[in-house]
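All remarks here apply to the structure that follows.
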Amino acid sequence: MYMGKRFTSSTAERLKALYADLGRLGYRRAWDIQHSVHARRVRDEIPDVLLLVEHEHVITLGKNAGTDNLKYSEDELDRLGVELYRIERGGDVTYHGPGQLVGYPIFKLRGALAGIKRFIRNMELALIRAMASFGIEAEISEGYPGIWVGRDKLAAIGVAVKRWVTFHGFALNVNTDLSYFDLIVPCGLKDRGVTSMEKILGSKVEMDKVKGEVVRAFSEVYGLEFSAAKAEELT
């Protein structure tokens with residue numbers, strides 16, 4: 001368990017942060033880890049944390065999402081080996097699976113409502129900066145959270161905030177099998193598509209390198225100094 005001084009907005013330590021690579025993990029287990037880390041961050045027992053993970057095949061529905069954008073029933077998805085969860089983040093429906101980098105920033109917000117907007121915009125900017133290191137020109141599309149290459153979404157964003165600490169986050173398609181998005185209407189957008197780094201660059205991308213660039217970009221954009229940690233030290 002991580003043991004250190006309490007991390008509040010008034011201490012000099014507030015710019016310290018931790019990241020943990022969870023590897024490949026089922027959605028339920030990662031969700032439980034998020035909740036545990038979130039509770040400890042609320043209590044200021046740990047600094048801001050960025051969790052990185054690849055999930056097994058799963059579809060998630062945001063808290064206000066209907067099932068209209070699911071093309072298959074839960075039983076049909078189960079036969080295809082795809083789990084289904086309704087979760088507390090914002091946004092509609094999305095897919096997570098192998099080859100996709102999912103990031104859960106569990107950060108304490110400052111600045112009330114403006115802090116939420118700034119937090120999401122900073123996440124978009126950090127992902128754009130990380131993609132630039134691979135020669136990919138991604139951009140923000142106003143009114144459509146995430147990052148885009150043309151009309152195709154490269155990374156989705158959906159967050160939740162409880163007691164002014166964020167959880168959930170982004171899903172970046174690295175070497176994702178994009179055919180799984182055919183199971184849904186991604187984010188409820190019928191006139192837009194999805195893409196991946198592999199599709200854009202024409203070859204598979206080293207996941208560890210992507211993780212490193214994402215951590216670097218988050219450090220720069222959010223003004224945090226990250227150190228590596230293990231999940232068991234944070235929960």
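The values are calculated or read from the model by the stated rules, or taken from the named source; none is laboratory data. As the structure is a prediction and not an experimental result, all values here were calculated from the model. Backbone-built Cβ (ideal geometry, glycine too); neighbour counts: all protein chains shown.
Give the number of residues within the stretch 16-33 that are assigned to a strand (DSSP E or B) and either charged (D, E, K, R) or in contact (Cβ under 8 Å) with a residue 60 or more places away in the chain (or both).
The first filter runs over the stretch 16-33 and keeps only residues assigned to a strand (DSSP E or B), leaving 16-25.
Checking the rest, the ones that are also either charged (D, E, K, R) or in contact (Cβ under 8 Å) with a residue 60 or more places away in the chain (or both) come to 16-22, 24.
Residues flagged as assigned to a strand (DSSP E or B) and either charged (D, E, K, R) or in contact (Cβ under 8 Å) with a residue 60 or more places away in the chain (or both) within the stretch 16-33 amount to 8.
Could you say which residue among 120, 136 is at negative phi, outside any loop (DSSP other than H, G, I, E, B) and either out of contact with any helix residue (DSSP H, G or I) (no Cβ under 8 Å at 6 or more places or on another chain) or not basic (Lys, Arg) (or both)?
Values: 136 fails: outside any loop (DSSP other than H, G, I, E, B).
Of 120, 136, the one residue that is at negative phi, outside any loop (DSSP other than H, G, I, E, B) and either out of contact with any helix residue (DSSP H, G or I) (no Cβ under 8 Å at 6 or more places or on another chain) or not basic (Lys, Arg) (or both) is 120.
When you go through 194, 221 one by one, which is the residue that is more than 15 Å from residue 123 (Cβ to Cβ), of a type outside the set (Gly, Ala, Ser), touching a helix residue (DSSP H, G or I) at 6+ places or on another chain (Cβ under 6 Å) and crowded, with 16+ Cβ neighbours inside 10 Å?
Just one listed residue meets the conditions, 194.
Mind counting the residues in the stretch 65-86 that are β-branched (Val, Ile, Thr) and at pLDDT 90 or above?
Within the stretch 65-86, residues that are β-branched (Val, Ile, Thr) and at pLDDT 90 or above number 1.
Give the stretch 54-64 a look and list any residue that's outside any strand (DSSP E or B) and either at pLDDT 90 or above or within 19 Å of residue 176 (Cα to Cα) (or both), or say none. Reasoning before the result, please.
So the first thing to find is which residues in the stretch 54-64 are outside any strand (DSSP E or B), and the list is 56-57, 62-64.
Of everything in the stretch 54-64, those that are outside any strand (DSSP E or B) and either at pLDDT 90 or above or within 19 Å of residue 176 (Cα to Cα) (or both) turn out to be 56, 57.
Please list, ordered by first then second residue, the pairs with beta carbon atoms under 6 Å, 6 or more apart or interchain, first in the stretch 129-140 and in contact (Cβ under 8 Å) with a residue 60 or more places away in the chain, second assigned to a helix (DSSP H, G or I).
Close Cβ pairs satisfying both conditions: 129/217; 130/213; 130/214; 130/217; 133/213; 136/200.
Given the criteria surrounded by fewer than 17 Cβ atoms within 10 Å (Cβ to Cβ), within 25 Å of residue 201 (Cα to Cα), in contact (Cβ under 8 Å) with a residue 12 or more places away in the chain and not polar (S, T, N, Q), does residue 98 qualify?
The answer is yes for residue 98.
For the stretch 77-117, give me each residue that is in a helix (DSSP H, G or I) and within 12 Å of residue 184 (Cβ to Cβ).
The answer is 77, and nothing else.
Has the stretch 215-226 got any residue that is under 24 Å from residue 15 (Cα atoms) and part of a strand (DSSP E or B)?
Scanning the stretch 215-226, I find at least one residue that is under 24 Å from residue 15 (Cα atoms) and part of a strand (DSSP E or B), so the answer is yes.
Identify, please: which residue in the stretch 120-170 is in contact with a Leu (Cβ under 6 Å, 6 or more places away or on another chain) and crowded, with 17+ Cβ neighbours inside 10 Å and is, among those, nearest to residue 97 (Cα to Cα)? Write out each step before concluding.
Keep residues of the stretch 120-170 that are in contact with a Leu (Cβ under 6 Å, 6 or more places away or on another chain), which gives 138, 147, 155, 164.
Filter again for crowded, with 17+ Cβ neighbours inside 10 Å, leaving 138, 147, 155.
Numbers: 138: 21, 147: 18, 155: 13 Å.
The selected residue is 155.
With (1) closer than 28 Å to residue 135 by Cβ; (2) touching a strand residue (DSSP E or B) at 6+ places or on another chain (Cβ under 9 Å); (3) not in a loop (DSSP other than H, G, I, E, B) as the list, and residue 176 as the residue in question, which single condition is left unmet?
(3) is the only condition that residue 176 fails.
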